[in-house]
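Inspection log for the structure reproduced underneath, given as structure tokens.
Please treat every number below as a calculation from the coordinates, not as lab data. Since we're looking at a predicted model, the values are computed, not measured. Positions of Cβ are generated from backbone atoms using ideal geometry, with glycine treated the same way; all protein chains shown enter the neighbour counts.
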Ligand SMILES: Cc1cc2nc3c(=O)[nH]c(=O)nc-3n(C[C@H](O)[C@H](O)[C@H](O)COP(=O)(O)OP(=O)(O)OC[C@H]3O[C@@H](n4cnc5c(N)ncnc54)[C@H](O)[C@@H]3O)c2cc1C
């Protein structure tokens, strides 16, 4: 494909998602931030438009869209609300290990219904004592005949309160480190799952984040993904596909902040002229555009590589790192351009700045991305 020009199909997907985000999501963004409400009506509409759960394989009736298409959807939805985008794309994060490790029977049972209904799903890896250091997680899955018995706690799980099913990473052989981990699909209504309260987060507040506990939860062995010991590979392998998409959400949010900053800089006057005509302000806007363009190109490169069947761990980490760090700086500069008004809830940029922070934390912190990138370079 031409990396610098979208195909007609990709252009159509992007425009559809962007129009929806601009017309239906962005006007609600402040209300969603204030109420921290999970916008079921917007998920239903996104689903109707083919923008939610578009990853479901064609073999079970889905659209089977790849990572590149999802990165276009991510950028567009985040122009409307980064929290809405995160929740929508968390379904993809949960589904990728299922697509990678599941069989047709699992696809039919868990993925196919996502085509007909705006079902949500959640990726349950992080624990109270294990975030960046995934190998130290404590949740166990003990084999008992044709079942596994799950025990443990997960933390910070996006979509947990609305999910129909979970991807859960647990230790089947606690002595074997990351090689002793196994992934499972777990129906959300399984007895023994105790749901925590919705977390009161700094930003992306309409996204539902919770802890949950498994107390002797019985999981049929047929819901195991791949074989015993495959879990770490599946859970981490998912990031090659989802990091470019998460990075695209940071690009969309940064773009929204830049648009707000441009509008404001043209109409706010100081010293007899619009602040846009003060070089210090204009240069901040120029640097926003520079970093948005660079991040987007890296997202496209990482997405294109994985869709082409190439290893993209390095590029996916660079894309996520640059997009997340740029988004944080761009939204902070947008607040700066608004001056005192930027610090006030009457204007949107303080919300965008709060929404930006999580991009440097979830799906591998910016420090972890640097570790991955450095390791790749130093081990060659
Ligand atoms: C809103 C939200 C949504 C989330 N959604 C999900 C989800 O759906 N599913 C899921 O499984 N998880 C989810 N997470 C968890 C998220 O992925 C973790 O919070 C993240 O990976 C960091 O882990 P931690 O919070 O335990 O921080 P820690 O790992 O304790 O890190 C703390 C700090 O130390 C730094 N650090 C740690 N190790 C190193 C190192 N080796 N070198 C340098 N610096 C290091 C980190 O970069 C960070 O700055 C979510 C978190 C939030 C807040």
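Among 222, 268, 18, whose mean-square fluctuation peaks in a Gaussian network model of the chain (Cα, cutoff 10 Å)?
268
As a test of understanding, state the convex hull volume per residue of segment 223-267 from its alpha carbons, in Å³.
Details: hull volume 2.8 nm³, N = 45.
Enclosed volume per residue, from the Cα hull, is 62 Å³.
Just to confirm the number: angle between the C-alpha axis of helix 67-80 and the first principal axis of the chain, 0 to 90 degrees, nearest 10?
50 degrees
Once each part is reduced to its C-alpha centroid, what is the distance from segment 24-98 to segment 346-380 in angstrom?
So the separation of the two Cα centres works out to 20 Å.
Assuming a ≥ b ≥ c are the square roots of the Cα gyration tensor eigenvalues, decide whether segment 111-165 counts as rounded (a/c under 1.5), prolate (otherwise, with a/b larger than b/c) or oblate. All intermediate terms of the calculation are to be shown ahead of the outcome.
Numbers: a/c = 2.90, a/b = 1.33, b/c = 2.17.
Cα axes put segment 111-165 in the oblate bin.
Rounded, prolate or oblate: which one fits segment 192-257, using the alpha carbon gyration tensor with axes a ≥ b ≥ c (rounded when a/c is under 1.5, else prolate when a/b beats b/c, else oblate)?
On the way: a/c = 4.23, a/b = 1.39, b/c = 3.04.
Oblate is the answer for segment 192-257, as a/c is 1.5 or above yet b/c matches or exceeds a/b.
Using label points projected 7 Å from each Cα along Cα→Cβ, tell me how many nm separate residue 345 and residue 175, to one decimal.
Result for the modelled spin labels: 5.5 nm.
State the extension gain, in nm to one decimal, for the chain segment bounded by residue 63 and residue 151, taking 0.36 nm per residue of separation less the distance between their alpha-carbons.
Values: separation 88, 0.36 × 88 = 31.68 nm, distance 3.52 nm.
Result for the pair: 28.2 nm of gain on full extension.
Where does each of 240, 307 land when they are ranked from fewest to most other beta-carbon atoms within 10 angstrom?
Numbers: 240 22, 307 19.
In order of increasing Cβ crowding within 10 Å: 307, 240.
Taking square-rooted eigenvalues a ≥ b ≥ c of the alpha carbon gyration tensor, is segment 160-272 rounded, prolate or oblate, where a/c under 1.5 means rounded and, failing that, a/b exceeding b/c means prolate? Intermediate results must be reported in sequence, preceding the final value.
On the way: a/c = 3.78, a/b = 2.24, b/c = 1.69.
It comes out prolate by the Cα gyration axes.
From zero up to wherever the largest Cα-Cα distance of the chain sits, split into 10 Å bins and tell me the percent of pairs in each.
Going out from 0 Å in 10 Å bins, the chain shows 5, 24, 33, 24, 10, 3, 1, 0 percent.
Please determine, in degrees from 0 to 90 and to the nearest 10, the orientation of helix 366-378 with respect to the longest principal axis defined by the Cα atoms of the chain, where the helix direction is its Cα long axis.
For 366-378 against the chain, the angle is about 80 degrees.
Using a Gaussian network model on the chain with a 10 Å cutoff between Cα atoms, which of 221, 36, 170 fluctuates the most?
Highest fluctuation among the options: 221.
Among 215, 346, 228, determine the one that fluctuates most according to a GNM of the chain built with springs between C-alpha atoms less than 10 Å apart.
Among 215, 346, 228, the largest mean-square fluctuation in the Gaussian network model of the chain belongs to 346.
Would you mind ranking 246, 185 by Cβ crowding within 10 Å, fewest neighbours first? Please list the in-between numbers first.
Details: 246 30, 185 25.
Sorted ascending by nearby Cβ count, the order is 185, 246.
Helix 231-267 against the longest principal axis of the chain: what's the angle in degrees, Cα atoms only, rounded to the nearest 10?
Result, in degrees: 20.
Fewest to most neighbouring Cβ within 10 Å: what's the order for 156, 26? Could you put the intermediate results ahead of the total?
Working: 156 20, 26 17.
Listed from fewest to most nearby Cβ atoms, that is 26, 156.
Measuring from centroid to centroid over Cα atoms, what is the spacing of segment 236-299 and segment 324-341 in Å?
Their Cα centres are 9 Å away from one another.
Over segment 85-182, consider all pairs of different Cα atoms and compute the Kirkwood hydrodynamic radius from their mean reciprocal separation; express it in Å, one decimal.
Details: mean 1/r = 0.0699 Å⁻¹.
In segment 85-182 this quantity evaluates to 14.3 Å.
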